[in-house]
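This report refers to the structure that appears directly beneath it.
The values are calculated or read from the model by the stated rules, or taken from the named source; none is laboratory data. Since this is a predicted model, take the numbers as computed values, not measurements. Cβ: placed from backbone, ideal geometry, glycine included. Neighbour counts: every protein chain shown.
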Amino acid sequence: MRLLTYIILGIMLALPVNAHEMVPAYPEMRPAHVDGLLVTTMKMFNKRADVEFYEVGVFDENFQPVPFVTAYNVFKLEYLGHTTFDIYIRAQDRNRAMYICSRSKIRKGSATSTAISSKICSKIIK
Amino acid sequence: MFNKTIKSMTILGIVAMASGNIFALNAAEVPITGTVESRCIIQTDNAGTFGNPNAYTLTTTPAEGGDPAVVRFDVTLADAYYAEITPPTAFSSSPSLPDTVSWTGDVQVKTVSDATGMGTYETDKVEFGNTDRYDLTATGSTWFQIDATATMGGNKAFPGGSYTAVAEAVCVAK
């Protein structure tokens, strides 16, 4: 039975997968070069062949949006592409901002299927 | 005699320097650097497909021609993340529908990479609304199966065309 489990696990690990990845898991906001703003740098890696666009957002503990600025809220990230981007928030929102999330954007498909929207949320260190 | 010694030492020095250069060339290194950070990776193993067992039902149930979605969470830091998974509750794209659609969905742990550390994920999950939250207390991989069934109101037929419904898989740092 255990052997069978390992065989199934091995087969599943060997199958092609599509992954969405964002680091760091626990970003720290630091003072930006502009007074009154804080900044942190995030990195993303797109291993989802079915996804080309991602959206980023900053949220409070109840996942209500917190104002932020970045180069592009929705950006294109090619398959197997890496990107690094800065997130700026107001210093007054330091205690309110809790999560930085990235979400995959699904294109309208032509098949009768389900699709997976992946979302990864990093927690800002206080 | 003295000149011969000087000459020998010079040749020896040249040979030694040349050898040094050769060794230096052999020892040339190309550093490949990287950092390991704690992370959560969401992998879509199978996006899923709807079967159409009768005119008014679309389902991912294998026995009825469907294929459930499978998503895998890899975590490299124990007790640092929640997995929150929501089956679809609407079509993101479809033809014009003649009636309202009712949805049922289910999420369950399909396979784990560490049966000891992850064996209680399914029993310990918390359901709120349509979303199931799993506390990822161990490092490794967990596969979740997402089932969904859409039933057209009044047993009316689904019009011909393409249908897509989106399930959401979220990894939240604790």
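Key figures for this structure:
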| quantity | calculated |
| --- | --- |
| Which listed residue is within 12 Å of chain A (Cβ to nearest Cβ) and out of contact with any strand residue (DSSP E or B) (no Cβ under 8 Å at 6 or more places or on another chain), from B:V30, B:V112, B:V36 | B:V36 |
| Of residues in segment B:84-109 being acidic (D, E) and within 14 Å of chain A (Cβ to nearest Cβ), the one surrounded by the most Cβ atoms within 10 Å (Cβ to Cβ) | B:E84 |
| Qualifying residue in segment A:59-77 (condition: surrounded by fewer than 17 Cβ atoms within 10 Å (Cβ to Cβ), within 27 Å of B:L77 (Cβ to Cβ) and of a type in the set (D, E, K, R)) | yes |
| Matching entry among A:D86, A:D93, A:D35, A:D50 (being surrounded by fewer than 19 Cβ atoms within 10 Å (Cβ to Cβ), facing chain B (nearest Cβ under 10 Å) and not small (G, A, S)) | A:D50 |
| Number of the exception - B:G119 against (1) more than 8 Å from every other protein chain (Cβ to nearest Cβ); (2) under 23 Å from A:Y54 (Cα atoms) | (2) |
| Residue match in segment B:14-36 (condition: closer than 30 Å to B:V172 by Cα, among the polar types (S, T, N, Q), modelled with pLDDT under 90 and within 30 Å of the chain's Cα centre (by Cα)) | yes |
| Test result for B:S96, among the small types (G, A, S) and not in a strand (DSSP E or B) | yes |
| Total residues in segment B:52-74, condition more than 9 Å from chain A (Cβ to nearest Cβ) and in a strand (DSSP E or B) | 5 |
| Test: residue in segment B:122-136 that is at pLDDT 95 or above and assigned to a loop (DSSP other than H, G, I, E, B) | yes |
| Lone unmet requirement of (1) exposed (fewer than 14 other Cβ atoms within 10 Å of the Cβ); (2) of a type in the set (V, I, T); (3) in contact (Cβ under 8 Å) with a residue 40 or more places away in the chain for B:T139 | (1) |
| Residue list for segment B:38-67, filter: in contact (Cβ under 8 Å) with a residue 24 or more places away in the chain and either in contact with an Asp or Glu (Cβ under 7 Å, 6 or more places away or on another chain) or within 23 Å of B:S141 (Cα to Cα) (or both) | B:S38, B:R39, B:C40, B:I41, B:I42, B:Q43, B:T44, B:D45, B:N46, B:G48, B:T60, B:T61 |
